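See below for the structure under consideration.
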Amino acid sequence: MSGAFALGATSLPRLNFFESSTAQAADRMAWWRDARFGMFVHWGLYSVLAGEWGGRTDYAEWIRNNAKIPVDEYEGLLPRFNPTAFDADHLASLAADAGAKYLVITTKHHDGFCLFDTKQTTWGVMSTPYKRDIMRAVADACRRHGVKPCWYHSIMDWHHPDYLPRRDWERGTRPINGASFERYVNYLHAQVEELLTHYGDVGVMWFDGEWESTWTRELGLALQDKCRALAPNVIINSRVAPKQASGLNARLAKIEVGDFSTPEQEIPDRGIPGVDWESCVTMNGNWGYNRADHNFKSVPKLVNMLVETASKGGNLLLNVGPTGEGLVPPESVERLKGIGDWMRVHAEAIRGTEASPFENAGFRATRKGKMLYAFLPEWPASRELLLPGMRILPRRAWMLGEASAPPLARHESEAGVVITLPERASDPVCSVVACEFDLPVRVSGAASRR
Ligand code: FHN
């Protein structure tokens, strides 16, 4: 029979290879590790097109490139960006009510269009009829709702004349003579300086578009140093520099630059032990708004993705793509509300937790100090929950949300401790059994997660 379930000192320290868990790194990451759940917002000039161009309706934030829209024609969209229905407080409250503690919004995506009042270019919101600094509005609204404002910023830039390389299909129409990538890097640094000094405390700099040949590790390190110098507590994702490892597991490799790794549209099978990581996922099939895309994941699916990431020791960054008018699609609002309903009862089993202590218990679990949480999206007909390899009875066990109900019966068996479950599930989406022990939860032997 596999290894004993024991109590004692908590889990492995989490190391950032180059900062090696300096106290500062640990402090910096504390709020982020506790949060476990954030909202991603892909919004920009492309949202005006709602995914449609030339009769096709399957585009989104990559429309300028994928639909091969010449730069001057794309510039023609500026007068159409006037999101008068945009309400930053509504956006921030959607995140807060869903239980998200931070919000990462696109300040500039690959098309180069800036949603903030920048002195570095006129290619931005201040040149549109809207003429309002969206980062200002979002930063202030986030703070009013207890959500950390965070900035997504693309390194790749399909508009700036000095950004290289050009898109293959526009090499003929956008010659590179006179272009200086070094000048582009200075532009990038100047905008990052604006973003980190004009809006108060920013939680995360979420860089992207780091994979082109011109963006080197040295440039990534220099940009990281720039951010650290401007905002010592800002958290930086690993996409500040090109990946060192190649192939499928590039995003799963031990991070070498930045503070956390960023698997995309996937939740790593075993998480990324010893490393901070955050899975970013869409709610439907696109990051940016696509009017035709109604293929939204269900609330149970999304809640269970949040449970899965937390049970593997990671964060979930869940995306919304506002429309050109600035509205969050009703399907997204509905799903955020559904997640919020669940989080209102079960957030303690997600926030501030660590990965499941079990190798494969047949259910997902998290732990926090003396607490163990077991997640039951399906209600076992046996009405029994086996904690495999456990040798110590929890002092108390109950269903989250039913703390006033009599505690659940539990007994020891050959295979481990068995909790007797109530007749019915305590939650339609995912019920959670809470177990309180006398000592912090730790697992040893074969039952334990390595
Ligand atoms: O190209 C982008 C894409 O548009 C989107 O922003 C995602 C979000 O993580 N990141 C890049 C693809 O990896």
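The values are calculated or read from the model by the stated rules, or taken from the named source; none is laboratory data. Because the structure is predicted, anything quoted here is derived from the model rather than measured. Cβ sites come from the backbone with ideal geometry, for glycine too, and all protein chains shown count toward neighbours. The area values use the complete protein model at the heavy-atom level, side chains included, leaving out ligands, DNA and RNA. Shrake-Rupley method; radii C 1.70, N 1.55, O 1.52, S 1.80 Å.
Calculate what fraction, in whole %, of the accessible area of the stretch 108-201 sits on carbon and sulfur atoms when a 1.4 Å probe is rolled over the protein chains. Could you put the intermediate results ahead of the total?
Working: 1890 of 3730 Å².
Carbon and sulfur: 51 percent of the exposed surface of the stretch 108-201.
Given bins 10 angstrom wide, list per bin the percent of all Cα-Cα distances in the chain, short to long.
Distribution as computed: 4, 20, 29, 24, 13, 7, 2, 0 percent.
As a test question: what accessible area, to the nearest 10 Å², does Cys280 have when a 1.4 Å probe is rolled over all protein chains in place?
0
Let me check I've understood the local charge: for Asn82, count other residues with C-beta under 12 angstrom from its C-beta, Lys and Arg +1, Asp and Glu -1. What total comes out?
Computed value for this residue: +2.
Quick one: which residues, 5 or more positions from Cys114 or on another chain, have an amide H under 5 Å from its amide H? H modelled 1.01 Å from N in the peptide plane, none for Pro or chain starts.
Counting only residues 5 or more places away or on other chains, the set is Gly124, Val125.
Applying the Karplus parametrisation 6.51 cos²θ - 1.76 cosθ + 1.60 with θ = phi - 60° to the phi angles of the stretch 62-72, what ³J(HN,Hα) value in whole Hz is obtained for each residue in order, glycine and proline being reported as x?
Each residue's phi maps through the Karplus curve to give 9, 4, 4, 7, 6, 9, 6, 8, x, 4, 5 Hz.
Pick out which of Leu318, Leu77, Leu385 has the largest mean-square fluctuation in a Gaussian network model of the chain, springs linking Cα atoms closer than 10 Å.
Maximum among the listed residues: Leu77.
Give the percent of DSSP beta bridges with both residues in the chain that are antiparallel, rounded to the nearest 5.
About 50 percent, rounded to the nearest 5.
Could you tell me which of rounded, prolate or oblate describes the stretch 134-266, using a ≥ b ≥ c as the square roots of the eigenvalues of the alpha-carbon gyration tensor, with rounded for a/c under 1.5 and, failing that, prolate when a/b is larger than b/c and oblate otherwise?
The shape class here is oblate.
Only Cα pairs within less than 10 Å get springs; with that Gaussian network setup on the chain, which residue of Ser180, Ser298, Ser47 has the largest fluctuation?
Its mean-square fluctuation being the largest, the pick is Ser180.
How much net charge surrounds Asp269 when only the other residues with a Cβ under 11 Å from the Cβ of Asp269 are counted, with Lys and Arg +1 and Asp and Glu -1?
0
Could you run the Karplus curve 6.51 cos²θ - 1.76 cosθ + 1.60 with θ = phi - 60° over the stretch 382-397 and give me ³J(HN,Hα) per residue in whole Hz, x for Gly and Pro?
Calculated HN-Hα couplings, in order: 5, 6, 10, 10, 9, 9, x, x, 7, 10, 10, 6, x, 4, 8, 9 Hz.
With an 8 Å cut-off on Cα pairs and a minimum separation of 6 or more residues, tell me the relative contact order of the chain in percent.
21
For Glu75, Glu384, what's the largest-to-smallest order of accessible area, 1.4 Å probe?
Correct descending sequence by accessible area is Glu384, Glu75.
Keeping every protein chain present and rolling a 1.4 Å probe, give me the accessible area per residue for the stretch 82-164 in Å².
Averaged over the residues of the stretch 82-164, the accessible area is 30 Å².
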